[in-house]
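Below: the structure, in structure tokens.
Rule-based calculations on the coordinates, nothing more; no lab input. All values derive from a computational prediction rather than experimental measurement. Using ideal geometry, Cβ is built from the backbone for each residue, glycine included, and neighbour counts are taken over all protein chains shown.
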């Protein structure tokens, strides 16, 4: 009954993530510096995770949901490292470190959880796999929320409040996913629907910020839109 | 003496174009005044100006007026800075 709206929300989320990538790649497009690839790649991975999940709803392939959860967790760890390294001034790019550390953390967590869960599958411990990965994602999102909130407090600019708000909404969405993973009997309750709504609103907030930033010049009478590259 | 954070070329070009854009309101752009504002040695400033000219961002090395491409670059640069600030990532 709820599969069709859920599929629509997953597809809409994937589309929104990829639209955001288009905006977030602009700093890299202008600078050609690797350190600006963190945000677009992180949001790109999230878009891929949602796409995999949408495919999993249409074609119930065994393990596709796990691939999506691993990919989503990797994306949040990747984003957290991007924010962590952004506050440390460096002559060289730390992009390679972000990829290596994210892969190690998610890879190790997945491997350990597989080892722990495998012999206990008969007593339903497999759910712990999804729970721990979602907890890891939630920890990373909490770090990003704190980082962006601190930046907002430092800048004293009211416009910078939107991004922490967007990340808080993504964290709420992730928390609802955690509840769903923890309770197998709880499938389509208020928390789940609320979580999906929080994700969509969060993505809309990101989109609003990106749109306002990059199309502001046209409105204030700067350069004609036609002259843009 | 206050230490100036290391800037990459994009930031230097952006800062230089911002100063040149502001200074273009005057009758004549004075190079030493530009140098003081963007805080680079004079010889390096001359190099950057030559590079901006080669990239087509300024009309010529004497008038130092921004071309349409230069103005466009400046808008993009300001948008990128603004976006990174809003995203909570400092531009260094």
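Going by neighbour counts of Cβ atoms within 10 Å, the residues B:81, B:17 line up, fewest first, as B:81, B:17. If R0 equals 30 Å, the separation of the Cβ atoms of residue A:22 and residue B:32 corresponds to a calculated FRET efficiency of about 0.10. How far is helix B:68-87 tilted, in degrees, relative to the longest principal axis of the Cα atoms in chain B, given as a value from 0 to 90 rounded to the nearest 10? The angle comes out at about 20 degrees. Relative to the longest principal axis of the Cα atoms of chain B, the long axis of helix B:42-54 makes an angle of roughly 90 degrees. The label-point distance for residue A:183 and residue A:159, in a model that sets each label 7 Å from Cα toward Cβ, rounds to 4.3 nm.
Label sites at residue A:32 and residue A:146, each approximated as a point 7 angstrom past Cα along Cα to Cβ, lie 3.9 nm apart. Among A:150, A:35, the order by Cβ neighbours within 10 angstrom, fewest to most, reads A:150, A:35.
Counting, for every residue in A:21-33, the Cβ atoms of other protein chains within 10 Å of its Cβ and taking the mean gives 3. Structural descriptor for segment A:3-217: relative contact order 19 percent, calculated from alpha carbon pairs under 8 angstrom and at least 6 residues apart.
For the peptides A:164-172, B:35-43, the ranking by packing is A:164-172, B:35-43, with the highest mean count of neighbouring Cβ atoms within 10 Å listed first. Between residue A:97 and residue B:39, what FRET efficiency follows from the Cβ-Cβ distance if R0 is 25 Å, with the result rounded to 0.05? Computed FRET efficiency for residue A:97 and residue B:39 comes out at 0.25. The mean sequence distance of close C-alpha pairs (under 8 Å, at least 6 residues apart), as a share of the length of segment B:9-86, puts its relative contact order at 29 percent. Treating r as the C-beta distance of residue B:61 and residue A:104 and R0 as 51 Å, the FRET efficiency rounds to 0.50.
With respect to chain B, whose longest principal axis is taken over its alpha-carbon atoms, helix B:9-23 is tilted by about 50°.
In terms of other Cβ atoms within 10 Å, B:62, A:82 run from fewest to most in the order B:62, A:82.
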